[in-house]
Amino acid sequence: MNFEFKEEQLQLADALRRWIAREYDVDARRAIIASSAGTSATAWSRLAELGLTALPLPAAHGGFDGGAVDMFVVMQELGRGLLVEPYFATVLGAEFLKLGGAHGALLERVAGGESTLACALGERQSRHELRDIATSARAEGAGWRLDGEKKVVLHGAQAGTIIVSARSGGGQRDADGISLFALPVTTPGLQIVDYRTLDGQRAADVRLDGVRADAAQLIGSAGAGWTILEAAADYGAGLLCAEAVGAMDALFGATLDYLKTRQQFGVSIGKFQALQHRMADMYIHLEQARSLALLAALRLDGGDAAERRRAVSAAKYRVGQAARFVGQQAVQLHGGMGVTDELPAAHYFKRLSTIELMLGDGDHHLARFIAQPGFSEGAAA
């Protein structure tokens, strides 16, 4: 198995890193977060010009057929740059549309950077179990009526179309009976409340009151959406792992620079052996997380659903552990300055803490990994 990145992937990463350093530094990011929109139209246009909106989409719809490993490279750089643009939400939404096999016109607009997406999957009672769905979808005539409420929809108010999971049959926690819909935000009955999250991103609560959806807005088959939902959620979790690795890498580098420049007793504190040991522990956590995140990307590009589930849950669990350790150590090694808005360390830690809770936290993915077929037999051996 080849773990080396291709020359084209490295060139894309370098171009993205240089753009972030030039136009999306800490001050620019702070101004974007404080703006009423919470995102930057200029930055989004630049992402589209770099080909990032088209990268993961099919060539038949204006994309470049990029795989999860290609996206691993991109998400690492976005993690380093702490971007607050709706890129992850849009790419995740596009994965739903790709797996559904329709909505080609919408995918073309996404590829061109003309449209953004959001995914309304979580509910008040569901926590990390995405098949726990109370939002209802009832067949009415040739279409559907949707009622319910979705919580913490990342960039829900910044999207042009929202992917919604709803229950059209079965019990509230059943895998069967889940249907998925692509709803324009202008749909009557769709109410969106926007707010800022801990890490500077934007999220929204979305209420559906008698929302009408026609048959063309259905993603995949009615009542059979769990397969798509699970696969897309795994894809999103894999991307989050890559973003977290990029953020941890940048945070590790910033902490190392601080230890080299901060003076105490006439020498840099990086010369103290106890602090060197802590940096070594941080590096081990970072590299283990990077390895599992890359393995998850490789499994996402494969066709084995069981291997995908195992690799993604293992990566999400290990990356969450590493993010907590690296973040806490970085804040402590920066001293009191580590929790202030002036230094990037606090912003990285906030983003890493938020990523750990998205699309399943460590406990959720550990339980999911253990529940996979063959785990008990392998543990006993």
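Being assigned to a loop (DSSP other than H, G, I, E, B) and either open to solvent by less than 10 Å² (accessible area, probe 1.4 Å) or at negative phi (or both) is a property that does not hold for Glu95.
Would you confirm whether any residue within region 316-328 is free of Cβ contacts under 8 Å to residues at least 24 places away in the same chain and in a helix (DSSP H, G or I)? Even if it seems obvious, please write down each step before you answer.
Of the residues in region 316-328, the ones free of Cβ contacts under 8 Å to residues at least 24 places away in the same chain are 328.
Add one more test, that the residue is in a helix (DSSP H, G or I), and what stays is 328.
So far as region 316-328 goes, yes, one or more of its residues are free of Cβ contacts under 8 Å to residues at least 24 places away in the same chain and in a helix (DSSP H, G or I).
Being aromatic (Phe, Trp, Tyr), in contact with a helix residue (DSSP H, G or I) (Cβ under 9 Å, 6 or more places away or on another chain) and surrounded by fewer than 18 Cβ atoms within 10 Å (Cβ to Cβ) is true for just one of Phe349, Phe375. Which residue is that? Please lay out each step first, then the result.
Numbers: Phe349 fails: surrounded by fewer than 18 Cβ atoms within 10 Å (Cβ to Cβ).
When all the criteria are applied, what remains is Phe375.
State yes or no: is Val312 among the β-branched types (Val, Ile, Thr), closer than 25 Å to Thr227 by Cβ and touching a Gly at 6+ places or on another chain (Cβ under 7 Å)? So Val312 fits the description; yes. I want to confirm something. Restricting to region 173-217 and keeping residues that are in contact with a strand residue (DSSP E or B) (Cβ under 7 Å, 6 or more places away or on another chain) and assigned to a helix (DSSP H, G or I), which single residue is most open to solvent (accessible area, probe 1.4 Å)? Selected residue: Ala215. Does Ser126 satisfy being part of a loop (DSSP other than H, G, I, E, B), free of Cβ contacts under 8 Å to residues at least 24 places away in the same chain, of a type in the set (Gly, Ala, Ser) and out of contact with any Phe, Trp or Tyr (no Cβ under 7 Å at 6 or more places or on another chain)? Yes: the conditions hold for Ser126. Filtered by the rule that a residue be aliphatic (A, V, I, L, M) and either in contact with a Gly (Cβ under 6 Å, 6 or more places away or on another chain) or at pLDDT below 95 (or both), region 280-304 gives Ala296, Ala297, Leu300.
Here are Gly156, Gly170: which of them is surrounded by 15 or more Cβ atoms within 10 Å (Cβ to Cβ), assigned to a loop (DSSP other than H, G, I, E, B) and at positive phi?
Details: Gly156 fails: at positive phi.
Exactly one of Gly156, Gly170 is surrounded by 15 or more Cβ atoms within 10 Å (Cβ to Cβ), assigned to a loop (DSSP other than H, G, I, E, B) and at positive phi, namely Gly170.
Of all residues in region 179-194, those that are over 17 Å from Phe96 (Cβ atoms) have Cβ atoms under 7 Å from Cβ atoms of residues that are part of a loop (DSSP other than H, G, I, E, B), 6 or more apart or on another chain, in Ile192/Gly156; Ile192/Ala157; Ile192/Val185; Asp194/Ala157. If you go through region 15-29 and keep only what is free of Cβ contacts under 8 Å to residues at least 40 places away in the same chain and surrounded by 12 or more Cβ atoms within 10 Å (Cβ to Cβ), you end up with Ala15, Trp19, Glu23, Asp25, Ala28. Name the residue that is nearest to Ala237 (Cα to Cα), counting only residues in region 271-314 that are among the hydroxyl-bearing types (Ser, Thr, Tyr) and open to solvent by 70 Å² or more (accessible area, probe 1.4 Å). The selected residue is Ser291.
Is it fair to say Ser136 is in contact (Cβ under 8 Å) with a residue 60 or more places away in the chain and of a type in the set (Ser, Thr, Tyr)? Walk me through it before giving the result.
Numbers: in contact (Cβ under 8 Å) with a residue 60 or more places away in the chain: no; of a type in the set (Ser, Thr, Tyr): yes.
No, not satisfied.
Among the residues of region 59-73, is there at least one that is aromatic (Phe, Trp, Tyr) and free of Cβ contacts under 8 Å to residues at least 24 places away in the same chain? Yes, region 59-73 has at least one match.
Of the residues that make up region 70-77, is at least one of a type outside the set (Val, Ile, Thr), within 21 Å of Ala242 (Cβ to Cβ) and not in a helix (DSSP H, G or I)? Walk me through how you get there before you give the answer.
Quick first cut of region 70-77, residues of a type outside the set (Val, Ile, Thr) only: 70-72, 75-77.
If we keep only those that are within 21 Å of Ala242 (Cβ to Cβ) too, we end up with 70-72, 75-77.
Adding the requirement that they be not in a helix (DSSP H, G or I) leaves none.
Among the residues of region 70-77, not one is of a type outside the set (Val, Ile, Thr), within 21 Å of Ala242 (Cβ to Cβ) and not in a helix (DSSP H, G or I), which makes the answer no.
Tally time: how many residues in region 31-41 are outside any loop (DSSP other than H, G, I, E, B) and surrounded by 15 or more Cβ atoms within 10 Å (Cβ to Cβ)? Write out each step before concluding.
Step one: list which residues in region 31-41 are outside any loop (DSSP other than H, G, I, E, B), which gives 31-34, 41.
The next check asks that each one be surrounded by 15 or more Cβ atoms within 10 Å (Cβ to Cβ); those that pass are 32-33.
Residues that pass the stated criteria total 2.
Ala250 - would you say it is part of a helix (DSSP H, G or I), under 30 Å from Arg299 (Cα atoms) and open to solvent by 20 Å² or more (accessible area, probe 1.4 Å)? Yes: the conditions hold for Ala250.
Checking region 42-53 against the condition returns no match, with no residue being open to solvent by 40 Å² or more (accessible area, probe 1.4 Å) and either modelled with pLDDT under 95 or touching a strand residue (DSSP E or B) at 6+ places or on another chain (Cβ under 8 Å) (or both). Only residues that are in a loop (DSSP other than H, G, I, E, B) and in contact with a helix residue (DSSP H, G or I) (Cβ under 6 Å, 6 or more places away or on another chain) were counted across region 261-275, and they come to 1. Yes or no: region 52-64 includes at least one residue that is over 19 Å from Ser115 (Cα atoms) and part of a helix (DSSP H, G or I). There is no residue in region 52-64 that is over 19 Å from Ser115 (Cα atoms) and part of a helix (DSSP H, G or I).
The values are calculated or read from the model by the stated rules, or taken from the named source; none is laboratory data. Quick caveat: nothing in here was measured; it's all calculated off a predicted structure. For neighbour counting, all protein chains shown are included, and Cβ atoms are generated from backbone atoms with ideal geometry for every residue, glycine included. These area figures cover heavy atoms from the full protein model, side chains too; ligands, DNA and RNA do not enter into them. Shrake-Rupley method; radii C 1.70, N 1.55, O 1.52, S 1.80 Å.
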